[in-house]
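**Q** Please read through the structure below; I'll follow up with questions.
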Amino acid sequence: MAWEYTLKAQRDNPVLQEKNIKYTLDAVNLAQKLGCKKFIGAGSQAEYGKVDTVISPETAAEPLTAYGMAKYSAGILSRKLCQQYEIIHIWARIFSVYGCYDKEGTMLNYAIDCFVNGNTAKFSSATQMWDYLHEKDAGKFLYLIGEYSTHSRIYCVANGESRPLREFIMELRDLCNPDAKCEFAEKTDSESEEISLQVNIEALIQDTGYRPQIQFQEGIADVVYYSMKKQ
């Protein structure tokens, strides 16, 4: 969970991202020294790159950024090392998690700041499909993976229900301030290349016995309250 160099300006730097691969292998070596029987690594949706269909653990990984490439490399190399140590290796590819403690530069935090303070929020066309998972549900999934998964495998950790991104934005606007203004740009040719998230989490549900419990409206209300309390 301690991946370094995650800021936008650093995510596509191969030299910086490569360091995280070693850190992941260091974590496996420490797990072996501690006598651990299971290693759970935090992968990323970025390992898949741009996918037009529903994403599952079996979907081919074709990362586009140095961050995604390093996550994918860390996953396959740590799996190899775990095999040598006879440690169960689980790679949890985490999708779009949101919550109160997210970093300031996220789209949701930008939108909340604009809506609450009466500024016009400006977005792309926001027509791509998106999947938001609340931080508490994400944490529960990771805990249950550790408790119940009995063999090495890859999981997609997501909500499993996708909607156009614009719907999430409008729901957030109505919660913060129904009179707030937001502008969506016309869809461009370049936007057709944007990443869209539709995720199959049936394997995760089957192995953990858990489904996401927190709907976006409930979860984002907590984020708005936390954000306003900080101001």
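**Q** Within 12 Å, Cβ to Cβ, of Asp102, how many net charges do the neighbouring residues add up to if Lys/Arg are +1 and Asp/Glu are -1?
**A** Around Asp102, the charge tally is -2.
**Q** Using all alpha carbons of region 1-72, what is the percent of pairwise distances in each 10 Å bin, ordered from the shortest bin to the longest?
**A** With 10 Å bins starting at 0, P(r) equals 19, 43, 30, 8, 0.
**Q** Among Leu133, Tyr225, Ile195, flag the residue with its Cα farthest along the positive direction of the charge dipole of region 104-231, charges on Cβ as +1 for Lys/Arg and -1 for Asp/Glu.
**A** Tyr225
**Q** Under the rule of -39500 (n - 2.57) per DSSP H run of 4 or more residues, summed and divided by the residues of the chain, what mean residue ellipticity at 222 nm is obtained, to the nearest 500 deg cm²/dmol?
**A** Roughly -14000 deg cm²/dmol at 222 nm, from the helical runs in the chain.
**Q** Report P(r) for region 83-186: all Cα-Cα distances, bin width 10 Å, range 0 to the bin holding the largest distance, values in whole percent.
**A** P(r) for region 83-186, in whole percents per bin: 13, 36, 26, 15, 8, 2.
**Q** Label-point separation (nm) for Phe184 and Gln217, each offset 7 Å from Cα along Cα-to-Cβ?
**A** According to this spin-label approximation, the distance is 1.9 nm.
**Q** Could you give the length gained by full extension between His151 and Ile76, i.e. 0.36 nm per residue of separation minus their alpha carbon distance, to one decimal place?
**A** Length difference between fully extended and current span is 25.5 nm.
**Q** Next question. Between beta-carbons, use under 10 Å as the cut-off and find the net charge around Ala46, counting Lys and Arg +1, Asp and Glu -1.
**A** Every neighbour counted, the sum reads +2.
**Q** Can you give the relative contact order of region 46-150 as a percent, counting alpha carbon pairs under 8 Å and 6+ residues apart?
**A** Taking the mean separation of contacting Cα pairs over the length of region 46-150, I get 21 percent.
**Q** How are the C-alpha pair distances of region 1-138 spread across 5 Å bins, as whole percents from the shortest bin up?
**A** Using 5 Å bins, I get a P(r) of 2, 9, 16, 18, 19, 16, 10, 5, 3, 2, 1, 0 for region 1-138.
**Q** Restricting to DSSP loop positions (anything but H, G, I, E, B) with no more than 10 other Cβ atoms inside 10 Å of their own Cβ, which GluC sites (Glu not before Pro) remain in region 128-231?
**A** Hits after loop and neighbour filter: Glu186.
**Q** Accessible area per residue, 1.4 Å probe, Å², for the chain: what's the number?
**A** 54
**Q** Next question. Express the carbon and sulfur contribution to the solvent-accessible surface of the chain as a percent, rounded to the nearest whole number, probe 1.4 angstrom.
**A** C and S fraction of accessible area: 51 percent.
**Q** Putting +1 on Lys and Arg Cβ atoms and -1 on Asp and Glu Cβ atoms, find which of Ser124, Ile145, Tyr110 reaches farthest to the positive end of the dipole of region 85-197.
**A** Ile145
**Q** So for the chain: antiparallel DSSP bridges make up what percent, rounded to the nearest 5?
**A** Roughly 10 percent of the DSSP beta bridges within the chain come out antiparallel.
**Q** Same structure, new question: Based on alpha-carbon positions alone, could you give the equivalent ellipsoid semi-axes of the chain from the gyration tensor, as √(5λ), descending, whole Å?
**A** 33, 19, 17
**Q** Another question, then. With respect to the cross-link table entries Lys8/Lys140; Lys8/Lys80; Lys8/Lys122; Lys22/Lys80; Lys71/Lys140, which display a Cα-Cα separation exceeding 24 Å?
**A** Over 24 Å Cα-Cα: Lys8/Lys140; Lys8/Lys80.
**Q** Nothing charged except the Cβ atoms of Lys and Arg (+1) and of Asp and Glu (-1): what's the magnitude of the dipole of region 1-158 about its Cα centre? Round to the nearest 20 debye.
**A** 380
**Q** Could you tell me the relative contact order of region 112-226? Use alpha-carbon pairs under 8 Å, at least six residues apart, and round to a whole percent.
**A** 44
**Q** Right, here's the next one. Put one equal scatterer on each alpha carbon of region 61-115, apply the Debye formula with no solvent term, and list log10 I(q)/I(0) at q = 0.13, 0.24 1/Å to two decimals.
**A** Values, matching the q order: -0.53, -0.95.
**Q** Which value, in debye to the nearest 20, describes the size of the charge dipole of region 1-76 about its Cα centre when Lys and Arg Cβ atoms bear +1, Asp and Glu Cβ atoms bear -1, and nothing else is charged?
**A** 340
**Q** Report the local net charge at Ile145: Lys and Arg +1, Asp and Glu -1, summed over other residues whose C-beta lies under 11 Å from its C-beta.
**A** The answer is +1.
**Q** From Cα pairs below 8 angstrom and at least 6 apart in sequence, can you work out the relative contact order of the chain, rounded to a whole percent?
**A** It comes to 23 percent, rounded to a whole number.
**Q** Mind ordering 80-91, 206-217 by average Cβ neighbours within 10 Å, highest first?
**A** Highest to lowest by the protection proxy: 80-91, 206-217.
The values are calculated or read from the model by the stated rules, or taken from the named source; none is laboratory data. These numbers come from a predicted model, not from an experiment. Ideal geometry is used to build each Cβ from the backbone, glycine not excepted, and the neighbour counts take in all protein chains shown. In case anyone asks, the SASA skips ligands and DNA or RNA and just uses the protein heavy atoms, side chains included. Shrake-Rupley method; radii C 1.70, N 1.55, O 1.52, S 1.80 Å.
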